[in-house]
Amino acid sequence: MTPAEYANYAAILHEDEVQALSASMPESEARHRAAEGVKRNLPDGLGTPRHHIFTAESTAGEPVGAAWIGPDPYRPESDALWLYDIRVLDDLRGQGYGAAILRATEEWCRAAGADQIGLNVFGDNSRAITLYATSGYTVVAQTMRKSLTPRLPL
């Protein structure tokens, strides 16, 4: 990924994270947490050690999406890697690019010496859940949450 592509990617990644987090918390808190996540996970952007962000291209060389791979945050000293993000450009979804990017990501991880690849997916992202399940990923943990409204003072 080029620095110009990264600037656009980081902005989209941040807004997507805000949107996802806003489903379970106030938007102001979601914006704060999304910004903190980027600072924590990619403090040096494209230069962050052990993190790799790729622009996925079609066979014609046109950008179709992206993938971000890094150390497994739950087992940072292991040979496992973590798929922090995979995405297909909105107007190209449903054409098989997601599966192709996932396969290419897995091949890259294998070549890098990884013995496992993990990821996190929001429960309402049925399209991604289907992609991962049909690609052989299994659920190893599940987090659930319930909003309690109105908030009562303690």
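Does the range 29-39 include one or more residues that are without any contact (Cβ under 8 Å) to a residue 60 or more places away in the chain, in contact with a Ser or Thr (Cβ under 7 Å, 6 or more places away or on another chain) and among the aliphatic types (A, V, I, L, M)? There is at least one residue in the range 29-39 that is without any contact (Cβ under 8 Å) to a residue 60 or more places away in the chain, in contact with a Ser or Thr (Cβ under 7 Å, 6 or more places away or on another chain) and among the aliphatic types (A, V, I, L, M).
The set of residues in the range 72-96 that are assigned to a strand (DSSP E or B) and either in the same structural domain as ILE12 (by TED's automatic domain parsing) or more than 17 Å from VAL121 (Cα to Cα) (or both) contains only ALA80. Only a single item in (1) small (Gly, Ala, Ser); (2) farther than 25 Å from VAL140 by Cα; (3) assigned to a loop (DSSP other than H, G, I, E, B) is not met by ALA35, and it is number (3). Pull up the range 104-126, narrow it to residues that are more than 16 Å from the chain's Cα centre (by Cα) and part of a loop (DSSP other than H, G, I, E, B), then point me to the one that is surrounded by the fewest Cβ atoms within 10 Å (Cβ to Cβ). Here the residue is GLY113.
With respect to ILE101, is the statement that it is buried (at least 19 other Cβ atoms within 10 Å of the Cβ) and either without any contact (Cβ under 8 Å) to a residue 12 or more places away in the chain or part of a strand (DSSP E or B) (or both) true?
no
The values are calculated or read from the model by the stated rules, or taken from the named source; none is laboratory data. These numbers were taken from a predicted model, which means no experiment stands behind them. When we count neighbours, we look across all protein chains shown, and the Cβ atoms used for this are built from the backbone with ideal geometry, even at glycine.
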